[in-house]
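Enquirer: Below you will find the structure I want to go over with you.
The values are calculated or read from the model by the stated rules, or taken from the named source; none is laboratory data. Everything quoted here is computed from the prediction, not taken from an experiment. A quick note on method: Cβ atoms are made from the backbone with ideal geometry, for glycine too, and the neighbour counts reach across all protein chains shown. To get the accessible areas, we keep the full protein, side chains included, count just its heavy atoms, and leave off ligands, DNA and RNA. Shrake-Rupley method; radii C 1.70, N 1.55, O 1.52, S 1.80 Å.
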Amino acid sequence: MAPILSLLEQASWAGENRDVIFLFGAREQKDLYAAESIAKLQQAWRGSLEFVQVLSNESANSSWQGKRGFVTDLLPSYAIDWANTQAYLCGPPAMIDAAIEQFAKLGVSEENIRFDKFE
């Protein structure tokens, strides 16, 4: 999360006002963090900043009420202008590869995808 959070903080300080969807994938609730930092950033953001946490391995009988699955599975559910979307990704190689493939299917150009694979 740190690289993306850092980009968003810098953009906020610079006065960025475009709409952002920040998808954060984790395995279980215990892996979630920085909610307070994100909330502060959302308050300062000049456009819309939607923060969505997605859990891929949370027990079915847990108290989690949020999204489940992989972040890449959620992408097609957003009705946005994919051709003019910029994607900033960080995470393990398999997640990055799956996200790049999904973004390409949705119409995001290769030059609008930036990533950092955690190898």
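Enquirer: Just name the residue that is surrounded by the fewest Cβ atoms within 10 Å (Cβ to Cβ) out of those in segment 14-28 that are closer than 23 Å to residue 84 by Cα and among the hydrophobic types (A, V, I, L, M, F, W, C). I'd like the intermediate steps shown before the answer.
Expert: Taking segment 14-28 as the starting set, the residues that turn out to be closer than 23 Å to residue 84 by Cα are 14-24.
Restricting the remaining residues to those that are among the hydrophobic types (A, V, I, L, M, F, W, C) gives 14, 20-24.
Details: 14: 7, 20: 21, 21: 15, 22: 18, 23: 19, 24: 20.
Filtering first and then ranking leaves 14.
Yes/no per residue for (1) part of a helix (DSSP H, G or I); (2) closer than 22 Å to residue 7 by Cβ; (3) open to solvent by 50 Å² or more (accessible area, probe 1.4 Å):
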{"site": "30", "(1), (2), (3)": "yes, no, yes"}
{"site": "36", "(1), (2), (3)": "yes, yes, yes"}
{"site": "40", "(1), (2), (3)": "yes, yes, yes"}
{"site": "58", "(1), (2), (3)": "no, no, no"}
{"site": "64", "(1), (2), (3)": "no, no, no"}
{"site": "89", "(1), (2), (3)": "no, yes, no"}
{"site": "96", "(1), (2), (3)": "yes, yes, no"}
{"site": "104", "(1), (2), (3)": "yes, yes, yes"}
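Enquirer: Checking residue 4 against (1) loosely packed, with under 12 Cβ neighbours inside 10 Å; (2) under 14 Å from the mean Cα position of the chain (by Cα); (3) not charged (D, E, K, R): exactly one of these is not met. Which one?
Expert: (1)
Enquirer: Is it the case that some residue within segment 70-77 is open to solvent by 40 Å² or more (accessible area, probe 1.4 Å), touching a Leu at 6+ places or on another chain (Cβ under 9 Å) and within 16 Å of residue 5 (Cα to Cα)?
Expert: Looking for residues that are open to solvent by 40 Å² or more (accessible area, probe 1.4 Å), touching a Leu at 6+ places or on another chain (Cβ under 9 Å) and within 16 Å of residue 5 (Cα to Cα), one finds none in segment 70-77, hence no.
Enquirer: Just to check your reading of the model, which residue among 104, 99 is over 14 Å from the mean Cα position of the chain (by Cα) and aliphatic (A, V, I, L, M)? Write out each step before concluding.
Expert: Details: 99 fails: over 14 Å from the mean Cα position of the chain (by Cα).
Every option except 104 fails the conditions.
Enquirer: Moving to a separate point now. Considering only residues of segment 42-55 that are under 19 Å from residue 87 (Cβ atoms) and of a type outside the set (Val, Ile, Thr), which is surrounded by the most Cβ atoms within 10 Å (Cβ to Cβ)?
Expert: If we filter segment 42-55 for residues that are under 19 Å from residue 87 (Cβ atoms), which is where we start, we get 45, 47-54.
Still in the list and also of a type outside the set (Val, Ile, Thr): 45, 47-51, 53.
Numbers: 45: 18, 47: 11, 48: 11, 49: 20, 50: 12, 51: 16, 53: 18.
Ranking the candidates gives 49 first.
Enquirer: Being among the aliphatic types (A, V, I, L, M), assigned to a helix (DSSP H, G or I), without any contact (Cβ under 8 Å) to a residue 24 or more places away in the chain and closer than 20 Å to residue 118 by Cβ is the requirement here; does residue 4 meet it? Let's see the steps before the verdict.
Expert: Numbers: among the aliphatic types (A, V, I, L, M): yes; assigned to a helix (DSSP H, G or I): yes; without any contact (Cβ under 8 Å) to a residue 24 or more places away in the chain: no; closer than 20 Å to residue 118 by Cβ: yes.
For residue 4, the condition - among the aliphatic types (A, V, I, L, M), assigned to a helix (DSSP H, G or I), without any contact (Cβ under 8 Å) to a residue 24 or more places away in the chain and closer than 20 Å to residue 118 by Cβ - is not met.
Enquirer: Could you list, in sequence order, the residues of segment 23-38 that are under 18 Å from residue 49 (Cα atoms) and touching an Asp or Glu at 6+ places or on another chain (Cβ under 7 Å)?
Expert: Across segment 23-38, there are no qualifying residues.
Enquirer: Just to be sure I understand the filter: pairs with C-beta atoms under 7 Å, separated by 6 or more residues or on different chains, first member in segment 23-45 and within 17 Å of residue 92 (Cβ to Cβ) and of a type in the set (D, E, K, R), second member at pLDDT 95 or above and open to solvent by 40 Å² or more (accessible area, probe 1.4 Å). Which pairs pass?
Expert: Within 7 Å, the pairs are 27/56; 27/57; 28/57.
Enquirer: Next question. What pairs come up if the first residue lies in segment 66-84 and is farther than 12 Å from residue 25 by Cα and modelled with pLDDT of 95 or more, the second is part of a loop (DSSP other than H, G, I, E, B) and of a type outside the set (S, T, N, Q), and their beta carbons are under 6 Å apart, counting only those six or more places apart or on different chains?
Expert: Once the first residue is farther than 12 Å from residue 25 by Cα and modelled with pLDDT of 95 or more and sits in segment 66-84, its partners that are part of a loop (DSSP other than H, G, I, E, B) and of a type outside the set (S, T, N, Q) give 82/107; 82/108; 83/107.
Enquirer: Follow-up. Picking from 25, 47, which residue would you name as being in a loop (DSSP other than H, G, I, E, B) and within 19 Å of residue 5 (Cα to Cα)? Give the derivation first.
Expert: Working: 25 fails: in a loop (DSSP other than H, G, I, E, B).
It is 47.
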